[in-house]
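Enquirer: Questions regarding the structure given below will be posed in turn.
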Amino acid sequence: MHPATQRQAVAVAGLLGVAAVAILLFSPETVVARLEGLADTPALFGVVLVGVYLVRPFLLWPVSLVAVVLGYLYGPALALPLSLAGALLTGTPPYLLGRYARTDIGLFGSLSDSGERLVGAVGETRSVLAARFSPVPGDPISYCAGLVAVSPRSFYLGTLVGELPWALVAVLTGASMRSLSLAEFAVSPALVAALAGLAVLVLSGPVYSRTRTSQTGGG
């Protein structure tokens, strides 16, 4: 095994270790209860909410849980833009870490090379958009976007549009709850299948064009 791969594997294991310790010490339900209790003090609530969004990627909590809470507390009209802003904010730390860890060697180098070929065929914004539509967890997408050096504009635009349907479902679910219960939240399999299909459609045009051009050039 390449020494760089060993170092990178240790770094990934370290991140997972931090998440495992956090899971033992904290729970989403505890944080949600604190957020609910701060709803009447908007300034403090805002500070804590930003903190939750920034540390959430390292705790491996689904971002949709926060959107459910916002929908429950504030209703769709306010919760949806807050959730989308939170999606952009919470994707920033892993995106920046990915850019920092970008290299040409080891495991990260292989991932960067593969990702660059895909992004080159599809386009930066379209790649992020399709990935966000897919059922792949958001944090690996953010890390990979950083590793591939997707531009900030493409990353945030693709994230904003791609997270819209997921945020909308979570916010509406929270708004419909008589009492806040995270255990009641579940994404419909039909929605997952529909958005996965949409992700395929987003990718299919550029991939087909790229393949056809390569075949024509090779002939």
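Read the figures in this text as sums done on the coordinates, not as results from a lab. The structure presented is a predicted model; accordingly, all values stated were derived computationally and were not measured. Because the Cβ atoms are built from the backbone with ideal geometry, glycine has one as well, and the counts that use them run over all protein chains shown.
Enquirer: Suppose each label sits 7 Å from its Cα in the direction of the beta carbon; what would the residue 55-residue 34 distance come out to in nanometres?
Expert: Rounded to a tenth, the inter-label distance reads 0.6 nm.
Enquirer: Would you calculate the volume per residue, in Å³, of the smallest convex hull containing every Cα atom of region 57-99?
Expert: Taking only Cα atoms, region 57-99 has a hull volume of 53 Å³ per residue.
Enquirer: A further question on this structure: Apply 1/(1 + (r/R0)^6) to the Cβ-Cβ distance of residue 27 and residue 89, taking R0 = 30 Å, and write down the FRET efficiency to the nearest 0.05.
Expert: So the FRET efficiency works out to roughly 0.85.
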